[in-house]
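See structure below.
The values are calculated or read from the model by the stated rules, or taken from the named source; none is laboratory data. Computed from a prediction, not measured in an experiment: that's the story for all the values here. Using ideal geometry, Cβ is built from the backbone for each residue, glycine included, and neighbour counts are taken over all protein chains shown. All accessible areas refer to the heavy atoms of the entire protein, side chains included, with ligands and DNA or RNA removed. Shrake-Rupley method; radii C 1.70, N 1.55, O 1.52, S 1.80 Å.
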Amino acid sequence: PVAEVDRKHTVPGSNIHLTIDVNIQKAAEEAVKKELDQLRSSGATGAAVVALDPNTGAVLAMVSAPEFNPNWFAKGITSTQWNQLNNDKSHPFENKAIAGEYPPGSPFKIVTGTAALDLKKVTPDEMIFDSGKHWLIDKRNAEGEALGWLNFNRALAKSDNVYFYEMGNRLGIENIDTYARYFGLGETFDAAIGQSFHLVTPLQMAVLLSQVANGGTRYQPYVVSRVDNPDGTPAEIFGPKNLGVLPVPKNIMDLIREGLRDVTS
């Protein structure tokens with residue numbers, strides 16, 4: 001040392017408490033790794049998982065894969081490590097859970113079904129025949145199935161494309177768009193089964209499913225529950241933030257939940 005020009009004393013930072021549940025996070029990370037290892041041979045390059053508390057919006061787990069080791073940056077990243085990350089076509093820098101945009105797929109049938117029931121375009125008991133393709137245009141089920149006569153519950157439980165193509169036909173794109181916005185989402189028959197609508201993030205779909213689970217309230221997701229001062233006293237406390245309530249009667253939400261329960265049973 002020749003001379004001391006200046007000195008900046010370290011100041012203890014704030015402590016943050018996350019909403020993450022370590023057991024759920026660990027299970028999600030292990031599940032993603034297992035699935036990706038199995039699916040890479042068929043072209044899968046990444047995955048995302050989000051778990052929310054539907055009654056608060058608290059993020060209980062969030063996984064984006066592939067990930068990267070942040071310690072590479074803390075210790076001084078090498079050019080080899082940087083090139084490995086920067087040239088990876090799986091985009092490890094992208095948090096797929098909050099920034100990855102994908103077609104919503106069959107979960108969008110929740111939106112279509114809610115709209116059809118609420119606008120009385122169908123009754124829960126009306127039977128619609130699935131011959132394997134829609135009768136107006138050649139739109140089929142994913143694996144070519146023909147499930148015969150279906151009411152709403154069975155159609156949702158079986159995720160039947162033909163039934164929901166007909167719901168989209170009866171609704172029209174404007175009504176589908178209106179109800180998508182009710183659910184917090186951002187021109188064709190395909191929109192009714194989530195294949196040609198706008199793209200959504202996994203986090204948006206988790207919020208949508210949370211609305212169904214809790215009866216219609218949309219909460220803002222949050223991952224920090226509290227910020228503490230260095231002495232341990234709370235500097236800021238975070239909690240549920242209500243973004244709105246779905247304008248749909250309880251009996252319709254009950255029908256949606258019943259159909260989704262039957263998916264698993």
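Criterion first (in contact with a helix residue (DSSP H, G or I) (Cβ under 7 Å, 6 or more places away or on another chain) and either open to solvent by less than 60 Å² (accessible area, probe 1.4 Å) or not in a loop (DSSP other than H, G, I, E, B) (or both)) does Ala155 satisfy it?
The answer is yes for Ala155.
Any idea which of Glu101, Glu145 is more than 19 Å from Leu260 (Cα to Cα), at pLDDT below 95 and exposed (fewer than 14 other Cβ atoms within 10 Å of the Cβ)?
Of Glu101, Glu145, the one residue that is more than 19 Å from Leu260 (Cα to Cα), at pLDDT below 95 and exposed (fewer than 14 other Cβ atoms within 10 Å of the Cβ) is Glu101.
Being among the β-branched types (Val, Ile, Thr), within 30 Å of Thr217 (Cα to Cα), at pLDDT 95 or above and in a helix (DSSP H, G or I) narrows it down to one residue among Val63, Val49, Val59, Val111; which is it? Write out each step before concluding.
Working: Val63 fails: in a helix (DSSP H, G or I); Val49 fails: in a helix (DSSP H, G or I); Val59 fails: in a helix (DSSP H, G or I).
Only one candidate passes the filter, namely Val111.
Can Asp254 be described as under 30 Å from Phe129 (Cβ atoms) and open to solvent by 40 Å² or more (accessible area, probe 1.4 Å)?
When the stated conditions are applied, Asp254 passes them.
Just need a number here: residues in region 128-147 that are part of a loop (DSSP other than H, G, I, E, B), out of contact with any Asp or Glu (no Cβ under 9 Å at 6 or more places or on another chain) and within 15 Å of Ser106 (Cα to Cα).
Number satisfying all stated conditions: 2.
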